[in-house]
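Below is one structure, written out as structure tokens; the observations come after it.
The values are calculated or read from the model by the stated rules, or taken from the named source; none is laboratory data. Note that the structure is a prediction, hence the values are computed from the model and not measured. Don't worry about glycine lacking a Cβ; one is built from the backbone with ideal geometry, like all the others, and counts go over all protein chains shown.
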Amino acid sequence: MRIPPPTDWHEFEEIALSALKIKWGSANLTRNGRPGQKQQGVDIYGEDDLGRFVGVQGKLTFARIDMGTVRNEARLAKSFRPNIEALYIVTTLDSDAKLQREIRLFSESRIKRELFPIGVFFWTDLIQELVKNHAEFAKHYPEISVANLVSRPSGARLLSLIDISFYDLNLMNYMGLLFGEMGQMSGEDPHEFLFATSIVESCALVLYEAKAGDALASMTHELGEYCVAYAQGEEKPEGWRPANRLAKLIIQRIVNLEHSLVGKELAVFTLGRALGTWAFDTVNDEPLSPGLERQILHSIRLISPTRNVPRTILRKIQEFKSNSESAYSVGIPDAVYSLSKNLLREREMLSG
């Protein structure tokens with residue numbers, strides 16, 4: 001069921017405010033000023049989940065937002081006081097991959113010039129956050145029952161979501177680790193990559209409708225077989241390029257899955273992605289950043305039957321931070337991933 005966006009800008013800002021408070025766990029977000037006052041490109045301001053002082057600009061529109069508008073909002077927000085550390089644009093538009101890419105590139109160019117970054121949240125992003133809090137949702141849509149929107153996710157789906165986001169969103173990283181630059185063998189066992197693609201195949205059949213699931217599983221199987229054969233010396237006229245193209249297509253389909261998730265399913269998917277990122281950062285000798293740690297702990301609380309992070313996981317994270325330069329630390333993200341899956345199994349047993 002699709003929730004229709006409002007036609008009144010005041011109502012839209014209130015919905016955006018509620019959704020972002022939920023998303024960031026930030027109670028100090030507030031609307032800026034009142035009708036008729038100059039707002040310097042900021043409708044909502046406060047702290048995001050990284051503790052930054054940010055501004056939010058609402059765009060209630062049913063026509064595409066162009067980059068001229070985005071640049072103008074960035075220019076206006078520059079004069080907001082106190083200075084913001086990031087600007088987010090929230091809109092009633094459906095997700096737009098082209099606009100996301102344009103804003104991402106624009107934001108990266110601003111960061112290089114030491115200017116605040118810019119992000120965007122679409123209508124589906126706001127609703128996905130809003131349905132996590134039934135009371136907040138009811139404030140804006142009292143006539144709609146959240147129970148009719150969010151069905152209880154099955155254990156198989158939750159386990160598949162954490163697996164597919166842990167493995168599949170990092171397929172390119174796996175390819176780089178196992179096969180090195182341009183597909184040259186790096187000394188690792190290529191069948192480890194085949195193990196990862198086989199997990200993704202199984203998850204695709206659980207998470208997608210029949211045809212879409214079969215198609216994704218088939219593509220992933222093809223990728224695994226191609227990579228292993230190529231790495232073992234089988235002649236491939238087009239070299240490594242077909243594998244790169246196929247991996248990018250698979251990853252994009254998994255990324256798109258996020259837009260259809262809400263509640264526990266979205267939390268599990270987000271956790272898998274965060275743990276996968278941590279695992280590969282660790283292989284590259286990078287520390288666990290405070291932002292990624294907060295995201296992991298927040299997601300674990302959302303899926304935990306007790307709403308607390310188990311001590312076993314907290315100990316593992318502390319262990320990693322104390323020994324991040326040792327060879328032992330490489331396996332800690334995977335251990336937290338396994339413990340998180342146990343949490344999901346425990347949740348299913350308690351609720352079923």
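Structure data summary
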quantity: Enumeration of residues in region 114-137 that are within 16 Å of T270 (Cα to Cα), acidic (D, E) and outside any helix (DSSP H, G or I); calculated: none
quantity: Some residue of region 54-61 being out of contact with any strand residue (DSSP E or B) (no Cβ under 7 Å at 6 or more places or on another chain) and small (G, A, S); calculated: no
quantity: Index of the failed condition, K236 passing every other in (1) over 19 Å from N173 (Cα atoms); (2) modelled with pLDDT of 85 or more; calculated: (2)
quantity: Residues that are assigned to a helix (DSSP H, G or I), farther than 28 Å from N342 by Cα and at pLDDT below 80, drawn from region 138-173; calculated: N148
quantity: Residue in region 83-99 that is within 13 Å of L20 (Cα to Cα), acidic (D, E), assigned to a loop (DSSP other than H, G, I, E, B) and out of contact with any Leu (no Cβ under 7 Å at 6 or more places or on another chain) present; calculated: no
quantity: Every pair of residues 6+ apart whose Cβ atoms lie under 6 Å, when the first sits in region 250-272 and is of a type outside the set (A, V, I, L, M) while the second is not in a helix (DSSP H, G or I); calculated: H259/S95; G263/K132; G263/V150; K264/P153; E265/P153; F269/L261
quantity: Lone unmet requirement of (1) touching a Ser or Thr at 6+ places or on another chain (Cβ under 9 Å); (2) modelled with pLDDT of 75 or more for G176; calculated: (2)
quantity: Matching option when the condition is more than 18 Å from Q318 (Cβ to Cβ) and buried (at least 21 other Cβ atoms within 10 Å of the Cβ), among I250, I296; calculated: I250
quantity: Unmet requirement for V228, which otherwise passes all of (1) more than 21 Å from V336 (Cβ to Cβ); (2) in contact (Cβ under 8 Å) with a residue 60 or more places away in the chain; calculated: (2)
quantity: Subset of region 60-77 [of a type outside the set (A, V, I, L, M) and either closer than 21 Å to P4 by Cα or in contact with a Leu (Cβ under 8 Å, 6 or more places away or on another chain) (or both)]; calculated: T61, F62, R64, E73
quantity: Filter pass, G41 being assigned to a strand (DSSP E or B), at pLDDT below 95 and surrounded by 15 or more Cβ atoms within 10 Å (Cβ to Cβ); calculated: no
quantity: Qualifying position, being assigned to a helix (DSSP H, G or I), loosely packed, with under 15 Cβ neighbours inside 10 Å and in the same structural domain as L169 (by TED's automatic domain parsing), among E238, E225, E234; calculated: E225
